[in-house]
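Below is one structure, written out as structure tokens; comments come after it.
The values are calculated or read from the model by the stated rules, or taken from the named source; none is laboratory data. What you see is a predicted model; the values in this text were computed from it and never measured. So basically every Cβ, Gly included, is an ideal-geometry build from the backbone, and we count neighbours across all protein chains shown. Quick note on the areas: whole protein, heavy atoms, side chains included, nothing else; ligands and nucleic acids left out. Shrake-Rupley method; radii C 1.70, N 1.55, O 1.52, S 1.80 Å.
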Amino acid sequence: MHEAIGDRFHAIMVDNGVLRLNEAQQVNDMLNKDLGVNLTVVDASELFLSRLHGVEDPEQKRKIIGNTFINVFFETEASKIEEAPEKEENGAEAKGNNYNDHKIDGASKPLNILQIVNSV
């Protein structure tokens, strides 16, 4: 991916607290250091685990995990990347895409990803 689109690619890995021991660091080492992928690893393990504490219903857990991931990924980390201007080849600054809005087939307008997740 990095070779195809260069520095325009930015990967985000969210550590949800249930990864294997040292897995986040291993992924970061492999992708970022070894392969040169622009990767941000977000340690959100305390947030995930605190929201799941005491929850027994599998469906409720699924919703908590999904919503927490969306919040961490899109509302915090992706928005940081989006706000940072990119340098185009001619030296001009260009702003990134809006990661929160996605066009869904059949929808009349782009939908916010949180609207999609909360409707499921």
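Modelled this way, with points 7 Å down the Cα-to-C-beta line, the labels at Ser50 and Lys33 are 3.0 nm from one another. Computed from label points 7 Å out along Cα-Cβ, the spacing between Thr40 and Arg62 is 3.0 nm. Note on surface exposure: Phe74, Phe48 rank Phe74, Phe48 by accessible area, highest first, 1.4 Å probe. If you split all Cα-Cα distances of segment 1-51 into 5 Å bins from zero, what percentages do you get per bin, shortest first? Answer for segment 1-51: a P(r) of 5, 20, 26, 21, 13, 9, 5, 1 percent.
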